[in-house]
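What follows is a short report on a single structure.
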Amino acid sequence: MNASVKLPPESAGVTVRPMLATDAARWDAFVQSCPEATFFHRAGWREVIERAFGHRTHFLLAEVDGEIHGVLPLAEINSRLFGHSLSALPFCVYGGPAALNEAARRALDQAALKLAGALRVEHLEYRNRQPFHTDWPGKDLYVTFRKAIDPEVERNMIAIPRKQRAMVRKGIKAGLVSAIDAHTQRFFHAYSSSVHRLGTPVFSRKYFRLLKQVFGEACEILTITLDGRVISSVMNFYFRDEVLPYYGGGTAEARHLAGNDFMYWEVMRRACEKGCRVFDYGRSKLGTGSYDFKKNWGFEAQPLYYEYHLVRGRSVPDHNPLNPRYRLFIKAWQRLPLALANVIGPHIVKNLG
C-alpha cells in the first residue's frame, strides 16, 4: 500500500495512508492518548516484526486535516505450512483499528479490506477486546484477565484467594529473590525451558533482545532466583497505568518452590509501588492450565473477539496446541534436546503469529 486510499462517502474527510518513519513519534503520541489503543498498537512493533521475523508490515494511519484520528498496525505472514494472512497484529494479543471516532475506524477498516484483497491473503484478522465485525466469523478460544491494582501493597496480597495466597507465601518462605535484569539471557533460559516442557516451539533470542531494545523501559524483565540459581523469569510490558506480564516461564525447580506464583506477585507488588492501576494477566485459552492458574488469583475471564474476514480462505485458521492434529507434534517436540529445540523452534513459530 503505497498511496492514500479512496474511501466511501461515510468516511469523507478522512485520509488513510501508510505510516512513514517520520510519523512514529506522532503515532505513539496518539496511541498513548487514544482510549481504544493498547501497547500492541505502538509503532515499535513494526521494527520488531520486520527485523525479528522478516515479515512485511502495513501500518496504516487515518488523518483529518493532518491530525491522526486512528491507527491500524497490520503484518503479513506468508507461509507454505501455515498459510497467507494479514493480521492486527500477529504475536500480539490485542489489535484491530484504534480510533477516536467511527468515521476513522471505518476508513481504516475499508483500507485494510482493500489491502487484504490486493495481497490475495487467505484472511484478514482483527484481535479485539470489544466486538467490531459481528458479521465476520470469529474464534471463541481466547479470553483475557484484567484486574485493578489497589494502591496499597498489602491489600493486593489480601485480595488473592486464600489457597493461591498460600502459594505466594511459600515462595517467600523458600527465600526466593526478585531482581530486574538489563539483559535477556536469564529470562531466555527460564522461558525456553518452560515452553519446551509444554511442547511448544520457542521464539528466537533475537526477538526478545529487540523487544527490550525497541521498547526500552516499557519492556522490563523480572527474574526470580534462589542462591543465585534462576528459578523463573517474566518479560513485562508497561503501558499508561497498566502492567502486562507477557512472556514468562520457569525452570524445573519453579514448581515445587512456587517460583511462578512468587514471580507474578512480585510483578504486582512492584507495579503497585510504581503507581500502576491495572494488572493485565494476558490471554489464555479456555480449558488450559494457564486459564485455571489466573482464575485461582481471583481474576475473572473477559472474552476476546478475534474476527476473520475470509478473502481466499474457506475457514477460520486453527493453529494452536489444542488442535488434535498437533498432539503428536507436541509429544515429539518434548523429546527433543532443549538446545536443538531452541535452534529449530524460531523457524516454526515465526510463521504462527
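The values are calculated or read from the model by the stated rules, or taken from the named source; none is laboratory data. Model, not experiment: these values are computed from the prediction. So basically every Cβ, Gly included, is an ideal-geometry build from the backbone, and we count neighbours across all protein chains shown. The protein model used for the area step is the full one, side chains on, heavy atoms only, and it has no ligands, DNA or RNA in it. Shrake-Rupley method; radii C 1.70, N 1.55, O 1.52, S 1.80 Å.
Considering only residues that are at pLDDT below 95 and basic (K, R), which ones fall in segment 173-204?
Residue satisfying the conditions is R197 alone.
Residues of segment 103-153 being out of contact with any Pro (no Cβ under 8 Å at 6 or more places or on another chain), at pLDDT below 95 and of a type in the set (D, E), which ones?
Residue satisfying the conditions is D135 alone.
Would you tally the residues in segment 72-94 being among the small types (G, A, S) and either open to solvent by 10 Å² or more (accessible area, probe 1.4 Å) or closer than 17 Å to R312 by Cβ (or both)?
Counting residues in segment 72-94 that are among the small types (G, A, S) and either open to solvent by 10 Å² or more (accessible area, probe 1.4 Å) or closer than 17 Å to R312 by Cβ (or both) gives 4.
Name, by its number, the condition in (1) in contact with a Pro (Cβ under 8 Å, 6 or more places away or on another chain); (2) open to solvent by less than 20 Å² (accessible area, probe 1.4 Å); (3) not β-branched (V, I, T) that does not hold for F188.
(1)
Looking only at segment 291-309, how many residues end up being open to solvent by 50 Å² or more (accessible area, probe 1.4 Å) and touching a strand residue (DSSP E or B) at 6+ places or on another chain (Cβ under 6 Å)?
The number of residues fulfilling the criteria is 4.
Cβ-Cβ below 9 Å, separation at least six or inter-chain, first residue in segment 150-172 and farther than 20 Å from S232 by Cβ, second aliphatic (A, V, I, L, M): which pairs?
Note: pairs meeting the criteria are D150/I158; D150/A159; V153/M268.
In segment 331-353, which residue that is surrounded by fewer than 16 Cβ atoms within 10 Å (Cβ to Cβ) and within 10 Å of P201 (Cα to Cα) is modelled with the lowest pLDDT?
H347
Could you tell me which of the residues R120, R127 is within 17 Å of Y308 (Cβ to Cβ), in contact (Cβ under 8 Å) with a residue 40 or more places away in the chain, open to solvent by 10 Å² or more (accessible area, probe 1.4 Å) and within 20 Å of the chain's Cα centre (by Cα)?
Result: R127 is the single residue among R120, R127 that is within 17 Å of Y308 (Cβ to Cβ), in contact (Cβ under 8 Å) with a residue 40 or more places away in the chain, open to solvent by 10 Å² or more (accessible area, probe 1.4 Å) and within 20 Å of the chain's Cα centre (by Cα).
Is one or more of the residues making up segment 154-167 over 23 Å from D292 (Cα atoms) and open to solvent by less than 70 Å² (accessible area, probe 1.4 Å)?
There is no residue in segment 154-167 that is over 23 Å from D292 (Cα atoms) and open to solvent by less than 70 Å² (accessible area, probe 1.4 Å).
Every residue in segment 39-71 that is touching a helix residue (DSSP H, G or I) at 6+ places or on another chain (Cβ under 9 Å), open to solvent by 10 Å² or more (accessible area, probe 1.4 Å) and touching a residue at least 40 places away in the same chain (Cβ under 8 Å), please.
Correct list: R42, G44, E47, R51, A52, F53, H55, H58, E63, V64, I68, H69.
So which of R325, R312, R283, R269 is at pLDDT 95 or above and open to solvent by 50 Å² or more (accessible area, probe 1.4 Å)?
Numbers: R325 fails: at pLDDT 95 or above; R312 fails: at pLDDT 95 or above; R283 fails: at pLDDT 95 or above.
Being at pLDDT 95 or above and open to solvent by 50 Å² or more (accessible area, probe 1.4 Å) holds for just one of R325, R312, R283, R269, which is R269.
Could you please give the count of residues in segment 98-114 that are crowded, with 17+ Cβ neighbours inside 10 Å and touching a residue at least 60 places away in the same chain (Cβ under 8 Å)?
10
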